[in-house]
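No value in this document is a laboratory result; all are computed from the given coordinates. These numbers were taken from a predicted model, which means no experiment stands behind them. Positions of Cβ are generated from backbone atoms using ideal geometry, with glycine treated the same way; all protein chains shown enter the neighbour counts.
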Amino acid sequence: MIDDIKKEASERMDKSLEALGHSFNKIRTGRAHPSILDGITVEYYGAKTPLKQMANISVEDARTLTLTAWDRSTIPDIEKAIMKSNLGLNPATAGEVMRIPMPMLTEETRKGFTRQARQDAESARVSVRNGRRDGMAMLKELVKEKEISEDDERRGHDAVQKLTDSYVAKIEKLLAEKEADLMEI
């Protein structure tokens, strides 16, 4: 039973870590990477469609993304969606190919992105702690129903706490890497 609770808490914490990774991918570091455009949706025949389902996105060089739409008629809509995305990107269209240069990050934008990364990391920590809280509550419930002993509960608490500490350490490591990446010139 304790192993089941630990496994469930671990799965929740894994999801928190995965969500943090997705959040970090959306934070621009000055280098071109296709995942920067992951959150953009385009109005296509009355439906919001993810950009990656409408075009081929590739890296031309360290500072430029190249986008080739599968339907040429959608190029103006894609261009508008990228400009409205609050990523600070200005695509340049030349025929069928759209080039998206990554602007240099100023010190102010670097600090803003670092602040955003810290907020995302704190949200992940809170999510991990919620997983711990739920695991601890399940252990207390099992003791109340006399399905496990108090010693087993204490061992379970220790196991869930160690699990939580390891996930918080992983979050701190990811945050340090992202901050270093953002502050690199």
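With +1 on each Lys and Arg Cβ and -1 on each Asp and Glu Cβ, and nothing else charged, work out how big the dipole of region 1-153 is about its Cα centre, in Debye to the nearest 20. Before the final figure, lay out each step's value.
Details: 25 positive and 26 negative charges, 168 e Å.
Dipole about the Cα centre, nearest 20: 800 debye.
Would you list 42, 97 from fewest to most Cβ contacts within 10 Å?
Details: 42 20, 97 13.
Ascending Cβ contact count within 10 Å gives the list 97, 42.
Using DSSP to define loop residues, name the GluC sites (Glu not before Pro) in region 1-103 whose beta-carbon has at most 12 other beta-carbon atoms within 10 Å.
Values: sites: 8, 11, 18, 43, 60, 79, 96; in loops: 96.
Sites meeting the loop and neighbour criteria: 96.
What distance in nm lies between label points placed 7 Å from Cα along the C-beta direction at residue 158 and residue 109?
Once both label points are built, they end up 5.1 nm from each other.
Could you list 102, 183 so that the one with the fewest beta carbons within 10 Å of its beta carbon is first and the one with the most is last? Write down the numbers at each step before the final one.
Working: 102 21, 183 14.
Starting with the residue having the fewest Cβ neighbours, the order is 183, 102.
Nearest 0.05, what FRET efficiency do residue 134 and residue 35 give at R0 = 22 Å with Cβ-Cβ as r? Working shown, then result.
Working: r = 31 Å, r/R0 = 1.39.
Using R0 = 22 Å, I get an efficiency of 0.10.
On a 0 to 90° scale, report how tilted helix 107-144 is relative to the longest principal axis of the chain, with both axes built from alpha carbons and the result rounded to the nearest 10.
On a 0 to 90 degree scale, this one is about 30.
Tell me the Kirkwood radius of region 36-101: reciprocal of the mean inverse pair distance over distinct alpha-carbon atoms, in Å. Spell out each step's value before the answer.
Working: mean 1/r = 0.0851 Å⁻¹.
11.7 Å is the Kirkwood radius here.
Helix 75-84 versus the longest principal axis of the chain: what angle, 0 to 90°, nearest 10, using Cα atoms?
50
What does the charge add up to near residue 4, with Lys and Arg as +1, Asp and Glu as -1, over the other residues with Cβ less than 12 Å from its Cβ? Walk me through the numbers on the way to the answer.
Values: positive: 6, 7; negative: 3, 8, 11, 147.
After counting each charged neighbour, the total is -2.
Can you compute the charge dipole magnitude of region 36-101 about its Cα centre, using +1 on each Lys and Arg Cβ and -1 on each Asp and Glu Cβ, nothing else charged? Give it in debye, rounded to the nearest 20. Kindly include the intermediate steps, with their values, before the conclusion.
Numbers: 7 positive and 8 negative charges, 27 e Å.
Dipole size: approximately 120 debye.
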